Amino acid sequence: MIDPIRWTIRDRYGNSIYLTQERWEHIIESINHPEMDEYEEELKETVKTGARKQDTLNPQKYRYSKEFNNLPASNTHIVAIVLFSLREDEIGEIISNNFIVTAYQKEIG
């Protein structure tokens, strides 16, 4: 069974990127990044308009980041890790399969 998609958004390069319910629950779990629970809209904005950097070891992995001034503690940015891939749809067409793996807050000087 495929995880239900919580939402889908386009980044500034036109790529469709989604977040599953399972990944959101993973992100906000108490042992991971519970501080993200109240910042889902900022996460969307990070993917939609934030800076993007490709991982040097895994070219299918991208790090999106965006500065916000309303984050708790000394955090300055929201970071989203997105994996880019392809999959086959129901009729055999190859389509993009770009999804958020995790997201967190970070102080970036």
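The values are calculated or read from the model by the stated rules, or taken from the named source; none is laboratory data. Treat the numbers as computed from the prediction; the structure is a model and nothing was measured. When we count neighbours, we look across all protein chains shown, and the Cβ atoms used for this are built from the backbone with ideal geometry, even at glycine. Keep in mind that these areas ignore ligands, DNA and RNA; they rest on the heavy atoms of the full protein, side chains included. Shrake-Rupley method; radii C 1.70, N 1.55, O 1.52, S 1.80 Å.
General observations
- Sites excluded, chymotrypsin sites (Phe, Trp or Tyr not before Pro) in DSSP loops with at most 16 other C-beta within 10 Å, longest stretch of the chain: 14-67
- Three-way shape label, the chain, alpha-carbon gyration tensor, a/c 1.5: prolate
- Taking amide H positions as modeled 1.01 Å from N, with prolines and chain starts lacking one, the residues under 5 Å from Phe68 and 5 or more places away or on another chain are His77, Ile78.
- If the chain linking Glu22 and Thr49 were pulled fully straight, counting 0.36 nm for each residue of separation and taking away their Cα-Cα distance, it would gain 7.3 nm.
- Gaussian network model of the chain, springs between alpha carbon atoms under 10 Å - residue of Glu42, Glu93, Glu25 with greatest fluctuation: Glu93
- Taking the chain as a Gaussian network of alpha-carbon nodes connected by springs under 10 Å, the highest mean-square fluctuation of the residues Arg12, Arg23, Arg63 belongs to Arg12.
- Heavy-atom accessible surface of the chain: percent carbon and sulfur, 1.4 Å: 48
- Each Cα pair under 8 Å and six or more residues apart adds its sequence gap; the mean of these over the residue count of segment 1-94 is a relative contact order of 18 percent.
- Averaged over its residues, segment 1-85 has an accessible area of 61 Å² per residue, based on protein heavy atoms and a 1.4 Å probe.
- Taking a ≥ b ≥ c as the square roots of the Cα gyration tensor eigenvalues, segment 23-63 comes out oblate, since a/c reaches at least 1.5 and a/b does not exceed b/c.
- Rounded to the nearest 20 debye, the dipole size of the chain about its Cα centre is 560 debye, using +1 on the Cβ of Lys and Arg and -1 on the Cβ of Asp and Glu.
- Between 0 and 90°, nearest 10: helix 40-49 axis offset from the chain longest Cα axis: 70
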